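Heads up: the structure comes next, in structure tokens.
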Amino acid sequence: MIDRFSWMAVYPEIMLLVMACVIALADLLDQGRRRTAAHALSILTLLALAGLTAYYAQTGQTVYGFGGMVVSDSMANWLKCFAALAVLVTFVYGRGYVVERGMLRGGEWYVLGLLSLLGINVIISASNFLLVYLGLECLTLAGYALVALRRDHVVSVEASMKYFVLGAMASGFLLYGMSMLYGATGTLDIAGVAKAVASGQIKHQVLVFGLVFVVAGLAFKFGAVPFHMWIPDVYQGAPTAVTLMIGGAPKLAAFAMAIRLLVEGLWLLAIEWQQMLALLAIASLLIGNLAAIAQTNLKRMLAYSTIAQMGFVLLGLIAGVANNGALTAVNAYNAYSSAMFYVVTYVLTTLASFGVILLLAREGFESEEIADFAGLNQRSPLYAGVMTICLFSLAGLPPLVGFQAKLSVLQSLVNTGQTAHIALAVFAVLMSLIGAFYYLRVIKVMYFDDMVDAAGPISAPPGMRALLSVNGALLLVLGIVPGALMTLCASAIQQMLAT
């Protein structure tokens, strides 16, 4: 008998699944080129989902459902709310793009987008290895189809194949690591794994062997080096609207998966996974920033930028561990809340930056090269300003939110007092200085280079123009007054650790 609280834990997922099915059926009755019914229903669904999860988050309750397999806590609900809003913004930004390129011949764009969000939600609330893997497969399978949605475009189909092959390999790593942990502990529940490890009755070597494969699977979802090979090719080859879909909200799921598996389940092995994440972070910051300098394609440059940005998230996850491997309250709150703040603000910045790229794209022209942005300020000072804010934020320049995000991660590292962590903070600052070069290069092209064509002023639907303006303004406002979002992240992490 499933009690009421079990159903409460999965109400958002049930609503999302039901509405995805309704939208798929409604699309059969709407054969128009713009699929207005599917678009409207999708937007309303995401607004309702964001409102429901925000309400759950504000109640501060932690509800376990289905025998402890699902958890609905403050962190999970806020991440679901942010993910729903990210997908909503993606649908708005990408509407004109997918219509012009014939990607709305059916309602697959909306249905697959909602199913990928369903996978994200399942991952975020998973308290069991099986649910983690189930959510991951729901997310990635929808992603493979989305990348290949432009079926007549050879580059997109090729990118989808690369994504599929490497994604299958990463899923195998994660599943094998989970099977090793199950074999060692005898349970699939994340809380049960933590208790079994704490008992001290399990061979340490077996646990570490499984941990290596779990971290490898997580690194793929983050896009950390050396599991980054798919990101540049998929970001460049996928239709730009799909690039935004797979480069935005799924990062929230990757963060939640790392917290659930490493912090909640394997925190007693923190010394081991701390060292692994440190190596991944160093390699990601170094290779991501250096490789981005050589890029002429803006989407590919932002892909390598993503790799470097995820290095900072990994640094935040590292800083929650004390010298003796214990999970101290002060270190944990500072570190994991800074990592959550970083990934949320990164998704917000990604939405705005790709929104400008989508805005400049027109039928028969993708606007993917850095040279395509030459003279953008002459055509539209507003959109050039939004893109400049995004790039300055990614570079970590004050007073934008990217500066606050980087500062919070660096502070959490320095506050541990460990020499290795301080050295990592210094290294991250140096890599950020290198990264500033390729961001400033794009700004120079927008403001000081001559236009490559006479395309004239840029027009955009009023809704997209308003949303993009708000998106850009948030990057500045949250940089000046970040307290509310930082407090939200801190309280969500505190409640998660307390339960």
Subset of the range 140-191 that is over 20 Å from the mean Cα position of the chain (by Cα), over 18 Å from residue 303 (Cα atoms) and of a type in the set (Gly, Ala, Ser) - its residue that is least open to solvent (accessible area, probe 1.4 Å): 177
Checking 285, 277 in turn, the sole residue that is crowded, with 23+ Cβ neighbours inside 10 Å and closer than 26 Å to residue 182 by Cα turns out to be 277
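Run down 269, 298 and say which single residue is within 20 Å of residue 93 (Cβ to Cβ) and either among the hydroxyl-bearing types (Ser, Thr, Tyr) or in contact (Cβ under 8 Å) with a residue 24 or more places away in the chain (or both).
None of the others qualify; the one that does is 298.
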Any idea which of 28, 47 is farther than 29 Å from residue 342 by Cα, part of a helix (DSSP H, G or I) and not polar (S, T, N, Q)? 28
Given the options 108, 137, name the one that is in contact with a Ser or Thr (Cβ under 8 Å, 6 or more places away or on another chain) and surrounded by fewer than 24 Cβ atoms within 10 Å (Cβ to Cβ). 137
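If a residue has to be open to solvent by 30 Å² or more (accessible area, probe 1.4 Å), part of a helix (DSSP H, G or I) and more than 26 Å from residue 95 (Cβ to Cβ) to count, how many in the range 462-494 make the cut?
Matching residues across the range 462-494 total 9.
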Evaluation of residue 392 against (1) at pLDDT below 90; (2) open to solvent by 50 Å² or more (accessible area, probe 1.4 Å) (one fails), failing number: (1)
Among 426, 343, which is at pLDDT 90 or above and open to solvent by 10 Å² or more (accessible area, probe 1.4 Å)? 426
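Checking the condition open to solvent by 60 Å² or more (accessible area, probe 1.4 Å) and of a type outside the set (A, V, I, L, M), which residue from 195, 221 passes?
Step by step, each of 195, 221 is checked, and only 195 is open to solvent by 60 Å² or more (accessible area, probe 1.4 Å) and of a type outside the set (A, V, I, L, M).
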With the condition being closer than 26 Å to residue 18 by Cβ, I'd like the helices (runs of 4 or more DSSP H) fully within the range 83-194 carrying at least 2 qualifying residues. 108-125, 129-147
Any residue in the range 214-235 that is closer than 27 Å to residue 269 by Cβ sitting within a Cβ distance under 6 Å of a residue that is among the β-branched types (Val, Ile, Thr) and not in a loop (DSSP other than H, G, I, E, B)? List the pairs, counting only those 6 or more apart or interchain. 223/231; 223/306; 223/307; 225/287; 228/307
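The values are calculated or read from the model by the stated rules, or taken from the named source; none is laboratory data. Predicted model only: the values in this text are computed from it and were never measured. Please note: Cβ atoms are built from the backbone with ideal geometry, for glycine as well, and neighbour counts cover all protein chains shown. Areas reflect the complete protein model, heavy atoms only, side chains present, ligands, DNA and RNA absent. Shrake-Rupley method; radii C 1.70, N 1.55, O 1.52, S 1.80 Å.
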